[in-house]
Amino acid sequence: MTELATAPRDRPTPQIARISHWIGGTLVAGDSGRSGPVYNPATGEQTGAVDFATAAEVDRAVQVARETFTTWRTVSLSRRSEIMFRLRQLVDAHREDLARILTAEHGKVLSDAMGEVARGLEVIEFACGIPTLLKGGFSEQVSTGIDVYSIRQPLGVVAGITPFNFPAMVPMWMFAPAIACGNTFILKPSEKDPSASLLMARLMQEAGLPDGVFNVVHGDKVAVEALLEHPGVSAVSFVGSTPIARFVYETGTRHGKRVQALGGAKNHMIVLPDADVDMAADAAVSAAFGSAGERCMAVSQVVTVGDVADRLVEAIRVRLPKIKVGAGTEPDVEMGPLITREHRDRVASYIEQGREQGATVVADGRETAPEGDGFFLGVSLLDNVTPEMDAYRDEIFGPVLGVTRVETYEEALRLVNENPYGNGTAIFTRDGGVARQFQFDVEAGMVGVNVPIPVPVAYYSFGGWKASLFGDSHIYGPEGITFYTRGKVVTSRWPDPATSKVDLGFPQTR
Ligand code: NAD
């Protein structure tokens, strides 16, 4: 037997890049002997092998982050802000480098990858304002000679556990505000597309961030559990699927941590009879098939009200053959492959299941997928989808758009509100009164009015309701600052010692 044949199956072969941890400002090769494959989804080839950390390796990262916290929390707000400004400049200058890594490992088209970096950059820009964001309150003379003021202080070591679908933006949602607040940070990126985290680490170092403030440990369940159980980790931000979000929330809180865990989604777009049909069709197609439907804010379900159904389905149908599917590096391609072969096959299974369960398959992406070994699927449209069908109930997370037909606005609203998820939703109408009523009534965290993907700008916070969020805090924006700090209120007086006396009464202000 050759040496290669006897090597463990998940061991990197020489032509496959090894992707290591980043601890204390340097690359640290994993010593667990375990790794995971990283693919180029457009070709199906394995391009990398990412080290999987053990609990002991996670512990090493936590120790470094804890030691660094003692000094990082003393760094002035203006210096922290200056580093964020430099990071902003560097990420901006390296937009394309980051985007190329995203396209190579995730598969999304380059223009979409550039968009991802741009939206992450907004959160770094927000974090540049940390001196203002951490301003406390001050009340003079709450009682004679007594002042009260409030401050917010960092928590310590915080961890971020992120999904495959936004390998740069979602980490930026977390580390930029967390670090600006004075915490040190350990990122556990998705093992499917881990390389962007290492370029971001280098840019932070170049921006002047002290070594040990930002660390990356790669891995799977073992690394995640080690972070959740480690007494040295104070808080955990998680973004990913609902079952893991629930697990992370329950395990992290059981171990005394503050946790925000954002989960999956099933985003409905309601189209009323008065909507502009072409505009609604453009929006539905863009929001359903952008990034091959692998967005937590993708529109996966259109709900047509009344007689708009036939017109809208036809308007969507005619748009589908024009969507160019292929490798994300090709300039005119609009939709890339899915993340893995298994995920592609799982997504494709909903088309057949939908047909068997009574949906009308208007477009079948299996017939239009580009040939080759890439993890491609064309775009699919299922009409007459009903709430009992798997294609309605599950988060498909791929380029399969369902249409459910109802007669009234109330029925459409009920569908959204009865859904276990509550991430994003949108309404398309020209009636301002109905739109206002919808935003008042609907049970979802992010609402679009004639906007299909209502991802909030960085100075608002992002988060869903129901099974789309476990914990109390939304992510980034003002709630991000609150999440990554804890409040302290100081009551202070500077009396003349000559007036001092013993008084066993409870302090009163009058
Ligand atoms: P995922 O839940 O499989 O993985 C997310 C993270 O959890 C990864 O870092 C992964 O390594 C880790 N993980 C996976 N299995 C684990 C286990 N058994 N124990 C501990 N850790 C585990 O999610 P994904 O497939 O990478 O991402 C897609 C999902 O993320 C979709 O459901 C999507 O809706 C969701 N998402 C939600 C938001 C949001 O803001 N709500 C944003 C992006 C993605």
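Values in this text are rule-based calculations from the coordinates and carry no lab data. Note that the structure is predicted; figures quoted are calculated from it, not measured. Neighbour counts run over all protein chains shown; Cβ positions are idealised from the backbone, glycine included.
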Amide H contacts under 5 Å for F52, placed H, 5+ residues apart: R34, S35, G36
Whole-angstrom gap from the range 190-255 to the range 432-478, using each part's C-alpha centre: 25 Å
Charge tally in the Cβ shell below 11 Å around S20, where Lys, Arg are +1 and Asp, Glu are -1, S20 excluded: -2
Entries of K108/K466; K108/K192; K221/K257 with Cα pairs more than 20 Å apart: K108/K466
Rounded to 5, percent antiparallel among DSSP beta bridges of the chain: 40 percent
Three-way shape call for the range 305-397 based on the alpha-carbon gyration tensor, with the a/c threshold at 1.5: oblate
Sequence-separation-based contact order of the range 267-449, relative, with Cα cut under 8 Å and 6+ spacing, percent: 27 percent
Rule-of-thumb Rg ratio for the chain [Cα; 2.2 N^0.38 Å; N residues]: 1.06
Over the chain: helical MRE at 222 nm, DSSP H runs n ≥ 4 each giving -39500 (n - 2.57), nearest 500: -11500 deg cm²/dmol
Beta bridges per DSSP with both ends in the range 267-449, % antiparallel, nearest 5: 10 percent
Net +/- balance of residues flanking S81 in space, Cβ distance below 12 Å, scoring K and R +1, D and E -1: +2
The range 289-315-the range 495-509 distance, computed between alpha-carbon centres (Å): 68 Å
Three-way shape label, the range 267-449, alpha-carbon gyration tensor, a/c 1.5: prolate
Relative contact order of the chain, defined on C-alpha pairs under 8 angstrom at six or more residues apart (%): 17 percent
